[in-house]
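Colleague: For reference, the structure I am asking about is given below.
The values are calculated or read from the model by the stated rules, or taken from the named source; none is laboratory data. Treat the numbers as computed from the prediction; the structure is a model and nothing was measured. We place every Cβ from the backbone using ideal geometry, glycine too, and count neighbours over all the protein chains shown.
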Amino acid sequence: MNMKHVPASQEEVYRQKAARRRELASLPIEEKLKRLVRLQQIAYTVARQVGRECRRPWTIKSQTSP
């Protein structure tokens, strides 16, 4: 856990949470999709390790600049 800054109050926690959500919302869609696929890969790995059936993570091709 990152202990750089310990919130002083519940209000500060809410402010930090809102700021983080705004930060994530402002990311480009490509970055959001990369993060989503990474979470899918983690979930897939864990599910397979415990013997659960699960869908494979999405395969998204990287788009290169022309």
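Colleague: Count, please, the residues in the stretch 1-49 that happen to be over 12 Å from the mean Cα position of the chain (by Cα), modelled with pLDDT of 95 or more and outside any helix (DSSP H, G or I).
Modeller: Number satisfying all stated conditions: 2.
Colleague: How about the stretch 20-41: which of its residues are surrounded by fewer than 10 Cβ atoms within 10 Å (Cβ to Cβ) and not hydroxyl-bearing (Ser, Thr, Tyr)? Spell out how you get there, then give the answer.
Modeller: Residues of the stretch 20-41 surrounded by fewer than 10 Cβ atoms within 10 Å (Cβ to Cβ): 22-23, 25-26, 28-29.
Within the stretch 20-41, Arg22, Glu23, Ala25, Pro28, Ile29 meet the criteria.
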